[in-house]
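Below is one structure, written out as structure tokens; the observations come after it.
The values are calculated or read from the model by the stated rules, or taken from the named source; none is laboratory data. As the structure is a prediction and not an experimental result, all values here were calculated from the model. Neighbour counts run over all protein chains shown; Cβ positions are idealised from the backbone, glycine included. Side chains included, ligands, DNA and RNA excluded: accessible areas come from the protein's heavy atoms. Shrake-Rupley method; radii C 1.70, N 1.55, O 1.52, S 1.80 Å.
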Amino acid sequence: MRHIISILMENEAGALSRVAGLFSARAYNIESLTVAPTEDPSLSRMTIVTTGSEEIIEQITKQLNKLVDVVKLMDLTEGEHIERELAMVKLNTNGRYREEFKRLADIFRGNIIDVTDSTYTVELTGTDEKIDAFIKAIDSQYILEVVRTGVSGIARGERRLSL
Amino acid sequence: MELSGGEILIQYLKDEGVEYVFGYPGGAVLHIYDAIYGQEDVKHVLVRHEQAATHAADGYARATGKPGVVLVTSGPGATNAITGIATAYMDSIPMVIITGQVPSPVIGSDAFQEVDAVGITRPCVKHNFLVKDLSKLAETLKKAFYIATTGRPGPVVVDIPKDVTDPAIKIPYSYPKNVSMRSYNPVVKGHPVQIKRAVETIFSAKRPMIYSGGGVVLSGASNELTEFTRLIGSPITNTLMGLGAYPATDKQFVGMLGMHGTYEANMSMHECDVLIAIGARFDDRVTGKLEQFCPTAKIIHIDVDPASISKTVRVDIPIVGDVKLVLQDMLKIMNASDKKLDQEALQKWWAQIDEWRSKDCLAFDRGSELIKPQSVIETLYQVTNGDAFVTSDVGQHQMWAAQFYKFDQPNRWINSGGLGTMGFGLPAAMGVKLAYPDAHVACVTGEASIQMCIQELSTCLQYRLPIKIVNLNNRYLGMVRQWQEFFYEGRYSMSYMDALPDFVKLAEAYGHVGMRIEKPSDVEAAMKEAFAMKDRLVFLDFITDQTENVYPMIEAGKGHHEMHLSSERELA
């Protein structure tokens, strides 16, 4: 099962490597990991997408909670939540598909944020499935570069991860 | 009071009540060693290798319950300490390790004796710190001791760059009385609802069993465990780490469990209907094959570390909390209740256990013309009246010490259970002897293990530590040889200890007393003579039967009911 785990942690040097080290040392899967400071500069918020059986996920959350730098943790996938990922995709528009790529970007509600005679750079936000779908919709020979941020998530409604 | 970083460190250790620091100087810690010079409050013990500093501090911590403190330099000082840090981590021993670091401005430049100590220790510490700012030094030390000694204890590394201890820079210092960390608040009080459920389940048991581990020793919950066990009237087994937490000479004690545990302990695990796991972590050497672990039991698990619960074995009633507090709460409820366990069922259960006991699973050949290692441990037990602190290294001798020395008190059995670190025994014994100078301290070892930290015989002379070394010398890496005999058709690859030193002369060369014992009839007299020499370290080199194996044995990956009792005696 895929889980999205959100963590509030002390914004200290080395905090990220404690988390990354935990995942590699205990052979847990990590699909993506994002981290940035919050409105409180002493705290960082990390979002980890991982997969595993219920037992493994339980261990992951317990082991993460055990890290001294981790202040609070929430498994977003245990409730209603919103997830978003941002991608920037550079496309080769040398051929006859320049119009088609523009339409495709519109369909996926993407923005073309950089244009040259031979390229488009499309900015796209959404779930990782949506980004996967966009990439799949384009013939791979026209994709020059893909940059994805990894998933960030937030719980719906009153549920929130804060101190 | 204005102090430099080096002075703050030493003053802090004094204020924290630290008696001993085990360490080894070097470039990055010279300022600190200058602050140590000429003061008597914190005694520094100079070891001969940084690994030994960590084991000695570890032994001190295990025997006293107080945190062990280590001071080493940067680079190789820190890397040499790693084995000892990992040893303490695996067994949840409270330690604070101060590592010197190259000066802040050159960190990351591959400076002389630079290693990323925080990075390299991260997987084997409870937490670690790099002190970048002198003003944070005292506060960081406070946090380090707080984290090391609370919750599930463990080692904490504090890495201090050389410029932070510069004697020219002084700042005001006062001992930080309080510490609070929003991200670290271990739960110590058990949940009342879970405790109630556990008590009800215990009252309903017909074949109850208690399995307790090192957590009971660490929590200082021996008295509570004993009262609890007697109240229930059930059998109790201790893990390798938990020996002594319940008196081994008591009738309810069925011995150690696991791979080399007793038949009665393992069978009781297999057949019980309610298992009460207390401060134990279901290690693979204990559980054997997970699918066959306690197949008919409801499992209650009390542990201070939530991550230990349901890690390998799913439990029915988890209780997160300090075992001492949880047991006190359970005792209160049980003592106030008029319920009792089914006494008739309990009687039947004990009849079954007594039948298992009658197999006498620890029997060995007492008529042998060669010295049997088991008999050496038995003699050690008798000569020391069962009252010694016993440290051990790792291998066959460790298992025999665990099986044959009946520990009636906690904190007396000191061994590397989790990591299985050869070389642990001698330096650990140094820490114990410093803590309890008047007590008998024996290091049970083998001719292979002892050579991994043999240089500490020099430290023992310098600090006059009259440890008794009980060397079970079978000229083999005994446990490796045993596995090669059983599972590799007797291909003894690299397990023969060739070109051994003359241990008697070696002990003498270090200024100690050496004795070689080759006949069973000489064992007792030699042991008595050694222990009568109160102020000398005695190296007792027992030449033992090379072919002796540790029994009983459950092969890795087998169930508790599938034991070998001896080479002749198999069990279904």
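Amide H to amide H distances under 5 Å link B:Gly255 with B:Asn238, where only residues 5 or more positions off or on other chains count and H is placed in the peptide plane. Once the mean of 1/r is taken over each pair of separate Cα atoms and inverted, chain A shows a Kirkwood hydrodynamic radius of 17.5 Å. Shown here: the stretch B:175-215, whose C-alpha atoms stretch 54, 25, 16 Å along the first, second and third principal axes, sorted largest to smallest.
Note on the protein assembly as shown: Cα Rg divided by 2.2 N^0.38 Å, N the number of residues, gives 1.09. So what does log10 I(q)/I(0) come out to for chain B at q = 0.07, 0.09 Å⁻¹, using the Debye formula with one equal point on every Cα and no solvent? Calculated log10 I(q)/I(0) at the listed q: -0.43, -0.71. A simple rule links phi to the HN-Hα coupling: the Karplus curve 6.51 cos²θ - 1.76 cosθ + 1.60 with θ = phi - 60°, which for the stretch B:300-312 gives 9, 10, 10, 7, 6, 9, x, 6, 7, 7, 6, 6, 10 Hz, with x for Gly and Pro. Charges on Cβ only, +1 for Lys and Arg, -1 for Asp and Glu, centred on the Cα centroid of the stretch B:62-186; of B:Val158, B:Tyr184, B:Val118, which one is farthest towards the dipole's positive end? It is B:Tyr184. Sequence-ordered 3J(HN,Hα) estimates for the stretch A:31-41 from the Karplus curve with 6.51, -1.76 and 1.60 and θ = phi - 60° stand at 8, 7, 8, 10, 8, 7, x, 9, 4, 9, x Hz, glycine and proline given as x. Here the stretch B:451-572 is treated as a Stokes sphere of Kirkwood radius computed over C-alpha pairs; at 37 °C and 0.692 mPa s its diffusion coefficient rounds to 196 µm²/s.
Rounded to the nearest whole angstrom, the semi-axes of the ellipsoid equivalent to the stretch B:377-524, taken from the Cα gyration tensor as √(5λ), stand at 24, 19, 15, largest first. For the stretch A:44-137, a simple Cβ point-charge model (Lys and Arg +1, Asp and Glu -1, everything else neutral) yields a dipole of about 380 debye relative to the Cα centre.
Evaluating 6.51 cos²θ - 1.76 cosθ + 1.60 at θ = phi - 60° for every residue in the stretch B:27-40, the Karplus couplings come out as x, 6, 10, 4, 4, 5, 5, 5, 6, 6, 4, x, 9, 10 Hz, glycine and proline recorded as x. Its alpha carbons considered, the stretch B:1-95 gives a radius of gyration followed by a Dmax of 13.0, 39 Å.
As a fraction of the 1.4 Å probe accessible area of the protein assembly as shown, surface on carbon and sulfur atoms comes out at 51 percent. Scoring A:133-144, B:18-29 by mean Cβ neighbours within 10 Å over their residues and listing the highest first yields B:18-29, A:133-144. Across the stretch A:74-116, Cα-Cα distances exceeding 15 Å account for 56% of all pairs.
Remark: mean inter-chain Cβ contacts per residue of B:180-186 equal 5, using a 10 Å Cβ-Cβ cutoff to other protein chain atoms. Annotation: amide H of A:Leu73 within the under-5 Å range of A:Leu8, sequence separation 5 or more or interchain, hydrogens built in the peptide plane. Please name whichever of A:Ser6, B:Ser74, A:Tyr97 sits farthest to the positive end of the charge dipole of the protein assembly as shown, dipole taken about the Cα centre and charges placed at Cβ: Lys and Arg +1, Asp and Glu -1. The listed residue farthest towards the positive side: A:Ser6.
The charge dipole of chain B, taken about the Cα centre with unit charges on the Cβ atoms of Lys, Arg (+1) and Asp, Glu (-1), comes to about 1240 debye, rounded to the nearest 20. Rolling a 1.4 Å probe over the protein heavy atoms leaves A:His81 with an accessible area of roughly 50 Å². Working ranking of peptides A:88-100, B:440-452 by packing, defined as the average number of other Cβ atoms within 10 Å per residue, highest first, is B:440-452, A:88-100.
Simple point charges give the picture: +1 on the Cβ of Lys and Arg, -1 on the Cβ of Asp and Glu, and for the stretch B:29-154 a dipole about the Cα centre of about 460 debye. Near the amide H of B:Met95, within less than 5 Å, lie the amide hydrogens of B:Gly68, B:Gly154, B:Val156, all on another chain or at least 5 residues away, with H placed in the peptide plane. Listed cross-link partners B:Lys251/B:Lys372; B:Lys143/B:Lys170; B:Lys298/B:Lys339 are compared with a 24 Å cut-off, the Cα-Cα value being larger for B:Lys251/B:Lys372.
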